[in-house]
Amino acid sequence: MQPITANTEIRHLRSRDRCHLSKILDAGDRWKDLAAIITKPDGEQGLLLTASNIRLLEQQKYIPNGSPTQALLDYWGTKGRKRPVIKDLIDYLIRSELYHAADYIAVNVLNGEAINKCGDGSLNGDNMLQSKLVNGASHFSLVNATTLSSDSLSNLNDDILPQKKSIKQTLFTPTAPNLSTLSIEDNSVCDDVSNILAAYSEIKRYSFSLISQSTKNFAEISVKDGGFKIGEGAFGSVYMSSLPSGEILAVKKLKNDFRNQFLNELKILTKFRHENLLPLLGIACEGTVLCLVYEFMVNGSLLDRIACVDDSSPIAWKNRMNITVKVCDGVCHLHSFDEKPYIHRDIKSANILLDKHLNPKVGDFGLARVGSQAENDITRTSAKTTNIIGTSVYMAPEAFRGDVSVKLDTFSFGVVMLELLTGLSPYDSDRDEPDLLSFVEERILGEFDENEITAEHLQPFIDPKAGQFDIELAFKYFKLSRLATEQRKKNRPTMVQLKELLKNLI
């Protein structure tokens, strides 16, 4: 077998190395950060992957033994006349700040040294994998493109490998705060959890011991199977907890690596109170185990209720309109209550919970971040981020470029509107057009121009489970959902603007 070198094509990575790299990047959807910056091959301008490509890659995680990272490597590794090689992979990993993955390739694949990242975000000059700034852009080069070993260090020229006293070069500087470092007040995460919680002394502390007992020590048995686990997301699992007092709670137990999401939800939910935002009742912590405690929503998620999971009753058309308006109200509150808007970034039917009266509560604020400008100045609501996060079938095209604005939430909300209208899942691998937006484009619009479609064309696609409906009202609702999911951000309304349009509709 040929030795693996820096110039070995990515597609020739050993199977065990691909598997290990996939475990690193699949966790927390870190592969998206890599996918979002890969450029087209052979010097062609632009990014390799479109929003549709990334949506398709994401679906690999729902397939048995599927891996978005493996699929990404397969797709990227066969593109271009000059195929991407391992040094290209490390270059992109470092530019994406995926240092753990870059370390694995450098040490375990190339037998080199780890990427020595310093506290200031720079790379140590002693490292054999050097960062050089070429024409003002970050560029990463592997010396001589040979198999790296400790013996090769002595042969490197000073201009390639600076001495230890050389100035460290910053590889990548984000243009906006990185969500993963977001904290309570000053964007620096405290090491001591107790110090963090001290800033929120007014928050109710629930007994961790009682909650642990009531969930059988957070047993992995679903409610459907007689256990207490309601579901699981990227940041943690949610359990139903019945306390001796008779109080029924929903408890989100955060994964160990997601303390920052805990802080983010704590920060937002103690600041924003609205009838259509899921209220935070308190917290429960023991050591480094962190739990957020919410009101239990007896009707579960909007996603499940639209699908009538567990034979639940269908949602009537009137209630669907009510849910639409109230979710819009809740998101508008996030966008307009403070001087700067808070952008949810993960609006989806699975994150909209329903109480006993089918009143919606928007939850899961782990990805939310502050926008750059007050909502009432709609010409300046954008910022940039280096983290590409969210659920791809709900993500606006600009989200994959790291462009963050209140209009990201508008786009996601428009997809939810289409779910409510059609009763269809946002993604179904059994459909010819798996994601809902593609289904709308191909099946509902078909060969018609956007302005040519009529209410009669739409009628067969309206969810029959919703009961009686006004076809003209449904058609106007559809047109609003299309406006909300406009591909070009400048043509898409803000949620505040959409709220006014909904009022006029109803």
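The values are calculated or read from the model by the stated rules, or taken from the named source; none is laboratory data. The shown structure was predicted, so the numbers you read here are calculated from the model rather than taken from an experiment. Don't worry about glycine lacking a Cβ; one is built from the backbone with ideal geometry, like all the others, and counts go over all protein chains shown.
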Looking at Gly66, Gly77, can you tell me which residue is modelled with pLDDT of 85 or more and not assigned by TED's automatic domain parsing to the domain that holds Glu441? Gly77
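In segment 254-368, which strands (runs of 3 or more DSSP E) lie fully inside it and hold 1 or more residues that are within 17 Å of the chain's Cα centre (by Cα), surrounded by 23 or more Cβ atoms within 10 Å (Cβ to Cβ) and of a type in the set (A, V, I, L, M)? Don't jump to the end; show me each part of the working.
Values: elements: 280-286, 289-295, 352-354, 360-362.
Qualifying strands (runs of 3 or more DSSP E): 352-354, 360-362.
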Could you please find all residues in segment 465-485 being surrounded by 19 or more Cβ atoms within 10 Å (Cβ to Cβ) and not in a helix (DSSP H, G or I)? Phe469, Thr485
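Residues are listed down the side, and each one gets a yes or a no for (1) basic (Lys, Arg); (2) within 30 Å of Ala27 (Cα to Cα); (3) assigned by TED's automatic domain parsing to the domain that holds Ile54:
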site	(1), (2), (3)
Val393	no, yes, no
Pro397	no, yes, no
Phe400	no, yes, no
Thr422	no, no, no
Phe475	no, no, no
Ser481	no, no, no
Arg492	yes, no, no
Leu501	no, no, no
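Results for (1) assigned by TED's automatic domain parsing to the domain that holds Phe365; (2) out of contact with any Gly (no Cβ under 8 Å at 6 or more places or on another chain); (3) not in a strand (DSSP E or B), shown as yes or no for each residue.
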position: Gln213; (1), (2), (3): no, yes, yes
position: Asn217; (1), (2), (3): no, yes, yes
position: Glu220; (1), (2), (3): no, no, yes
position: Lys224; (1), (2), (3): no, yes, yes
position: Gly227; (1), (2), (3): no, yes, yes
position: Gly231; (1), (2), (3): no, yes, no
position: Ser237; (1), (2), (3): no, no, no
position: Met240; (1), (2), (3): no, yes, no
position: Pro244; (1), (2), (3): no, yes, yes
Count of residues meeting criterion [among the hydroxyl-bearing types (Ser, Thr, Tyr) and free of Cβ contacts under 8 Å to residues at least 60 places away in the same chain] in segment 431-477: 1
Looking at segment 11-43 only, could you name the residues that are touching a Pro at 6+ places or on another chain (Cβ under 8 Å) and surrounded by fewer than 19 Cβ atoms within 10 Å (Cβ to Cβ)? Asp26, Pro41
Please list, ordered by first then second residue, the pairs with beta carbon atoms under 8 Å, 6 or more apart or interchain, first in segment 241-256 and over 15 Å from Phe208 (Cβ atoms), second in a strand (DSSP E or B) and polar (S, T, N, Q). Ile248/Ser241; Ile248/Ser242; Ala250/Ser241
Counting only residues in segment 54-93 that are hydroxyl-bearing (Ser, Thr, Tyr) and assigned to a loop (DSSP other than H, G, I, E, B), the one surrounded by the fewest Cβ atoms within 10 Å (Cβ to Cβ) is identified as Thr78
